[in-house]
Amino acid sequence: MTQGDSKSIIPSPGKNSEVRSLLNQLKLILRLLGDDRVNVALKALPLISVLYLISPFDFAMLNPIDDAVVLGVGLYTFVELCPDDVVEEHRQALAASQRAKNAVDGKARSDS
């Protein structure tokens, strides 16, 4: 492979961190959905977004694009409208869980 070749067998570190970030965000949303301190009406927002995704009815002709936008905006808005202290508590718990998992797996990470 030449230096200018854009296809690489080895994934870049950024891709793994983006996937990990997305998975952590989904875990956060699931934790918030199960938390009694989050308003029940607010919990309807991500559920409605997912229902729109699987619904055969679409508002626009750009089906995959509008589905992704509705889902993304719905999930983002849900987290933003949840109480800040509850969101932060769950984020810290997820971070602690990830640190514990890395310690058990023996993975080391350089912060430099």
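Under 18 Å from a point 7 Å along the Cα-to-Cβ line of residue 89: which residues of the range 38-57 have their amide N that close? Correct set: 38-43. Determine the shape class of the range 27-103: with a ≥ b ≥ c the square roots of the Cα gyration tensor eigenvalues, call it rounded for a/c under 1.5, and otherwise prolate if a/b is greater than b/c, oblate otherwise. Prolate shape, in that a/c is at least 1.5 and a/b is the bigger ratio. Its relative contact order, with pairs defined as Cα atoms under 8 Å and 6+ residues apart, puts the range 27-103 at 42 percent.
The numbers here are math on the coordinates, done by the rules we state, and not lab data. In this text the structure is predicted, and so the values were computed from the model without any measurement. Virtual Cβ from ideal backbone geometry, glycine too; neighbours counted across all protein chains shown.
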